[in-house]
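Each remark here refers to the structure printed beneath this line.
The values are calculated or read from the model by the stated rules, or taken from the named source; none is laboratory data. Note that this is a predicted model, so its numbers are computed, not measured. Positions of Cβ are backbone-derived with ideal geometry, glycine not excepted, and every protein chain shown enters the neighbour counts.
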Amino acid sequence: YDYSIFLKVYCFLTTFFSPYTLIGILAMWFGISVPLTFLGAYFGSKKKQFRCPVHTNQIPRHVPQQTFLTKPLFGIVIGGILPFGCIFIQLFFILNSIWSHQLYFMFGFLFLVFIILLITCSEATVLLCYFHLCAEDYHWWWRAFFTSSFTAVYLFMYAVHYFLTKLQITGIASIILYFGYMMVMVLIFFLFTGLELMTLRSRVTWSSN
């Protein structure tokens, strides 16, 4: 097996993470994060109970028969294409810097691409939400989450393509390490885009009501 990557990770950890660093991280956790958690819980318990801005009917409204273009699967798959098209070029350079030992120095342009990603995801989710509501389909909650977060699926597919075409990894340990790290990145990207854009979409929906 090829253990060179594990050796590099071990050297990195032993070089940059001393015992004092771990003690500092624990001190920040128990001295900052834990008190802020209880402080936020205290102020949250003092807030007034949330009231729905519109009257909710006790009998669920009938959803008409939906066409193929307004069904959930089509909207979710289409919703992730355009945001992924905004980031895949920078994604190539980022993966090169991580796995091919190349320098990445376009951080200003990366921030610009990040802003474009947020705007593109927002526009796509709000537009699809509008189409669903116009079709009298009010089940938009999980669609709002999966429409924008489906970009992570295309991110994983690109990671597989990058592994098959750009990398020459043969050891089973190195393969597990690569896909393990990429799955963590995909999961973080999935949750970030889904939760952030679902929050925005819920605000737009409530404001429209």
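Against the test of being under 30 Å from P60 (Cα atoms) and touching a helix residue (DSSP H, G or I) at 6+ places or on another chain (Cβ under 7 Å), the options T151, T120, T125 yield a single qualifying residue, T125.
Would you kindly identify the helices (runs of 4 or more DSSP H) lying entirely within region 1-93 that contain at least 3 residues that are modelled with pLDDT of 75 or more and within 24 Å of the chain's Cα centre (by Cα)? Give the derivation first.
Values: elements: 4-16, 19-28, 34-46, 72-79.
Correct list: 72-79.
One line per residue, one yes/no per condition, for (1) at pLDDT 90 or above; (2) within 21 Å of S100 (Cα to Cα); (3) in contact with a His (Cβ under 9 Å, 6 or more places away or on another chain); (4) among the charged types (D, E, K, R):
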| position | (1), (2), (3), (4) |
| --- | --- |
| V153 | yes, no, no, no |
| A159 | yes, yes, no, no |
| I176 | no, yes, no, no |
| L191 | no, no, no, no |
| E196 | no, no, no, yes |
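Within region 72-115, if we keep just the residues that are touching a helix residue (DSSP H, G or I) at 6+ places or on another chain (Cβ under 7 Å), closer than 22 Å to L127 by Cβ and aromatic (F, W, Y), the residue that is surrounded by the fewest Cβ atoms within 10 Å (Cβ to Cβ) turns out to be F88. Scanning for something within 24 Å of F190 (Cβ to Cβ) and among the β-branched types (V, I, T), does region 49-60 turn up at least one residue? The answer is no; no qualifying residue exists. Scanning region 21-63 for residues that are surrounded by 10 or more Cβ atoms within 10 Å (Cβ to Cβ) and closer than 30 Å to E136 by Cα yields a single hit, V63.
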